[in-house]
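Working notes for the structure below.
The values are calculated or read from the model by the stated rules, or taken from the named source; none is laboratory data. Just so we're clear, the structure is a prediction, and the values are computed from it rather than from any experiment. Heads up, the Cβs are rebuilt from the backbone with ideal geometry, glycines too, and the neighbour counts pull from every protein chain shown. Heads up: the accessible areas ignore ligands, DNA and RNA and are worked out on the full protein's heavy atoms, side chains in. Shrake-Rupley method; radii C 1.70, N 1.55, O 1.52, S 1.80 Å.
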Amino acid sequence: MRKNLLVILSLFIGIGVGIYSIGKKMNKILDKIQKSSEKFFLMYQMLEQWMEIKQNNKSLIQYFQINNWLNIAIYGMGDVGELLAKELHSSNINILYGIDKNSNLFTSLKLYHPDDELPEVEVIVVTAIAYFSDIKKNL
């Protein structure tokens, strides 16, 4: 009788520990999915605004020129950073370098890691907007 009670108690403890550990793993997975979703939503909003600017016959080039930002760097050389570099390519805006934590990216720009000593530019354009607050703090 006591042996059966210990077996049943052990079974319930095992089930409880299993449920707890699965719950912790599921929470980590859900947090990661939520952060990724927020990141892509912010990127979508940014690209939507960019498209709206173009549809209103304005351009980012004009914005940089009006502010006299002719020598810039791009922080975040993923897809959006590359799109921005292509947008500015045939203009008088000089992209002196890119900044990215991922040093394995293929880009025609000289690429710096955020911890490197960065050459002076008039403005650093942050395309990794999901991390803007942290990037601003670190720069």
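The table below gives the values:
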{"read-out": "Single residue of segment 18-35 satisfying the filter (farther than 30 Å from Ala130 by Cβ and open to solvent by 90 Å² or more (accessible area, probe 1.4 Å)) that is nearest to the chain's Cα centre (by Cα)", "value": "Tyr20"}
{"read-out": "Within segment 121-130, tally of residues that are in a loop (DSSP other than H, G, I, E, B) and either of a type in the set (Gly, Ala, Ser) or open to solvent by less than 70 Å² (accessible area, probe 1.4 Å) (or both)", "value": "3"}
{"read-out": "Positions within segment 105-115 being under 19 Å from the mean Cα position of the chain (by Cα) and exposed (fewer than 13 other Cβ atoms within 10 Å of the Cβ), in sequence order", "value": "Phe106, His113, Asp115"}
{"read-out": "Residue under evaluation Asn102, criteria (1) at pLDDT 90 or above; (2) of a type outside the set (A, V, I, L, M); (3) open to solvent by 50 Å² or more (accessible area, probe 1.4 Å), criterion not met", "value": "(1)"}
{"read-out": "Any hit, segment 74-93, residues being surrounded by fewer than 16 Cβ atoms within 10 Å (Cβ to Cβ), of a type in the set (A, V, I, L, M, F, W, C) and farther than 23 Å from Ser36 by Cβ", "value": "no"}
